[in-house]
């Protein structure tokens, strides 16, 4: 009976060790950390675009960028349809800012010899 308990304990240690080896081999922990930092950075950039860049563009354009759109009446149903292109432009600006930040971070990591091509 003690032999069975010892084998079960060894298999648990073996499974845990395999799991830790898997995480280290494939860099899953670093990937998870990068994901969390990227998520926080994405929220930061979204706020930058929404709260600073859009109002600056709104100084030049009539109204806020997020409210820009084109409304028309549908021919068959007679309902009003709005194409909100202002939100789309905001999303493009958001993407470009994130891409620029990633590019700058990559260049710095490459300069330090930490990024692989």
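Derivation of every value follows stated rules applied to the coordinates shown; laboratory data play no part. Everything quoted here is computed from the prediction, not taken from an experiment. Note that we place each Cβ from the backbone using ideal geometry, even for glycine, and neighbour counts take in every protein chain shown.
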So, of the residues in the stretch 52-98 that are assigned to a loop (DSSP other than H, G, I, E, B) and touching a strand residue (DSSP E or B) at 6+ places or on another chain (Cβ under 8 Å), which turns out to be surrounded by the fewest Cβ atoms within 10 Å (Cβ to Cβ)?
79
Out of 29, 37, I need the residue that is touching a helix residue (DSSP H, G or I) at 6+ places or on another chain (Cβ under 6 Å), exposed (fewer than 13 other Cβ atoms within 10 Å of the Cβ) and either free of Cβ contacts under 8 Å to residues at least 12 places away in the same chain or not in a helix (DSSP H, G or I) (or both). Which one?
29
